[in-house]
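For reference, the structure discussed in these notes is given below.
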Amino acid sequence: MLQITTFVEGILMLALLFARSVWALVAVMALISVFDLGAGAVRSGYVARLGEGGQGVQFKAYLRAMTNVGISFGAMLGGLALWVDQGWAYLARRVFALDALTCIAASIWLGPLPHIGPAPLPP
């Protein structure tokens, strides 16, 4: 499910390139949010199942740190666009396409993860 939700999220980000009205933008962003939240829920469950005995908390902290590094690089690129101050640097289409491609690449990268069945029901 994590691979599917991440892949669909990437495809939907490509749809942002074709949104020509506010309503189309809102619809696509709503769908992206659904799949993003779904991927987050599946990822949290996956980490909880893998990280038993306190390892899950440590791994989630690692994931949060890596997310912050990614956000920092994105902010740095945004700062470069402000510094360059040229029209081509502000074009969002390239950003949407790059974001979509990284989501699709991440979904492919998730393929080798081991399958984990549902959690056992409590007694």
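The values are calculated or read from the model by the stated rules, or taken from the named source; none is laboratory data. Model, not experiment: these values are computed from the prediction. Here the Cβ is made from the backbone with ideal geometry for all residues, glycine too, and neighbour counts use every protein chain on show.
Close contacts from the range 55-78, counting a first residue that is part of a helix (DSSP H, G or I) and a second that is modelled with pLDDT under 80, with Cβ to Cβ under 8 Å and a gap of 6+ residues or different chains, come to Gly56/Ala48; Gly56/Leu50; Val57/Gly51; Gln58/Gly51; Phe59/Leu50; Phe59/Gly51; Lys60/Gly51.
Just to be sure before I move on: is Phe96 in a helix (DSSP H, G or I), under 17 Å from the mean Cα position of the chain (by Cα) and farther than 20 Å from Leu37 by Cβ in the structure I sent? For Phe96, the condition - in a helix (DSSP H, G or I), under 17 Å from the mean Cα position of the chain (by Cα) and farther than 20 Å from Leu37 by Cβ - is not met.
If I filter the range 9-18 for residues that are under 19 Å from Cys103 (Cβ atoms), of a type in the set (Gly, Ala, Ser) and modelled with pLDDT under 90, do I get at least one hit? No: the range 9-18 contains no residue that is under 19 Å from Cys103 (Cβ atoms), of a type in the set (Gly, Ala, Ser) and modelled with pLDDT under 90. Summed over the range 1-36, the residues that are touching a helix residue (DSSP H, G or I) at 6+ places or on another chain (Cβ under 6 Å), assigned to a helix (DSSP H, G or I) and of a type in the set (A, V, I, L, M, F, W, C) give a count of 13. In the range 77-90 there is at least one residue that is over 17 Å from Thr5 (Cα atoms), touching a Phe, Trp or Tyr at 6+ places or on another chain (Cβ under 7 Å) and either loosely packed, with under 13 Cβ neighbours inside 10 Å or not acidic (Asp, Glu) (or both).
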